[in-house]
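Colleague: This structure is in structure tokens; I'll ask about it shortly.
The values are calculated or read from the model by the stated rules, or taken from the named source; none is laboratory data. The structure presented is a predicted model; accordingly, all values stated were derived computationally and were not measured. In this analysis, Cβ positions are derived from the backbone assuming ideal geometry, glycine residues included, and neighbour counts consider all displayed protein chains.
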Amino acid sequence: MPVSNVSRVVGFAIVSVMVSAAGLGAVGCSDPVGAVPGLAFTLKIGPKAGESQGCPPGEAGLGSVDATRIVYVSDGDQGLMIKGCSVSEQGEGFRVTVRSEVKQGAATTVFHVTNLTFEADGTGKGEVSMSGPITAKKAFSPVGPTCDFQLIEGAAGTIWASFECAEVTDEESTCSFEHGFFAVENCGT
């Protein structure tokens, strides 16, 4: 190959790399960073209505949430790992899925909301499952009928609701989740 052809090939390669690098720099550095998902939940676990034993009574939660306020914990903070989060509009209501895990030292709390659908009137049906130190690491999830939810506020990507699960089990004990609230923000749609 004559020297002149080598120069052209090398020159082309250098120009191509410079253009590519300039293009990447312009796109990558100016793009806004996506909002980090956040979660807050609280629930009380206790005996199923009419029963008085066999359940580990207590409360579990992350952040702070009730009917009047929310203090979110962002994904990656306080040991929170949001493994999946989706809040999408469905007709005049919403479809919601949240899968999370919180690791604090040796303790791990798992909190999931699945198969949740809100109707136009704000009522919803879905499932809540939870395991952690309060349940002796046993996973409690609904039996038969799903949990009842009431929408406080919602939009695509964000939901705030209360819930009650009249009957949850770990296959040994039958309990309930009472006075539950959860809120998520910046979720996929």
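Colleague: Sort out which residues of region 76-104 are crowded, with 20+ Cβ neighbours inside 10 Å, under 21 Å from Gly132 (Cα atoms) and not hydroxyl-bearing (Ser, Thr, Tyr), and write them in order of number.
Modeller: Answer for region 76-104, where residues must be crowded, with 20+ Cβ neighbours inside 10 Å, under 21 Å from Gly132 (Cα atoms) and not hydroxyl-bearing (Ser, Thr, Tyr): Leu80, Ile82, Cys85, Val98, Val102.
Colleague: Hey, another quick one. Name the residue, out of Gly157, Gly180, that is crowded, with 23+ Cβ neighbours inside 10 Å and not hydrophobic (A, V, I, L, M, F, W, C).
Modeller: Among Gly157, Gly180, only Gly180 is crowded, with 23+ Cβ neighbours inside 10 Å and not hydrophobic (A, V, I, L, M, F, W, C).
Colleague: I would also like to ask the following. Are any residues in region 60-93 hydrophobic (A, V, I, L, M, F, W, C) and either under 14 Å from the mean Cα position of the chain (by Cα) or under 15 Å from Asn186 (Cα atoms) (or both), and if so, which ones?
Modeller: Leu62, Ile70, Val71, Val73, Leu80, Met81, Ile82, Cys85, Val87
Colleague: Any chance you could count how many residues in region 42-62 are closer than 17 Å to Thr109 by Cα and out of contact with any Ser or Thr (no Cβ under 8 Å at 6 or more places or on another chain)?
Modeller: 4
Colleague: Filter region 113-126 down to the residues that are in contact (Cβ under 8 Å) with a residue 24 or more places away in the chain and not hydrophobic (A, V, I, L, M, F, W, C) and list them by number.
Modeller: The answer is Asn115, Thr117, Glu119, Gly122, Thr123, Gly124, Lys125, Gly126.
So that you can scan it fast, the table gives a plain yes or no per residue for (1) assigned by TED's automatic domain parsing to the domain that holds Phe177; (2) touching a Pro at 6+ places or on another chain (Cβ under 8 Å); (3) within 19 Å of Leu43 (Cα to Cα):
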position	(1), (2), (3)
Cys55	yes, yes, yes
Gly63	yes, no, yes
Tyr72	yes, no, yes
Gln78	yes, no, yes
Gly84	yes, no, no
Asn115	yes, no, yes
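Colleague: Tell me whether region 140-159 contains one or more residues that are within 13 Å of the chain's Cα centre (by Cα), at pLDDT 95 or above and outside any strand (DSSP E or B).
Modeller: yes
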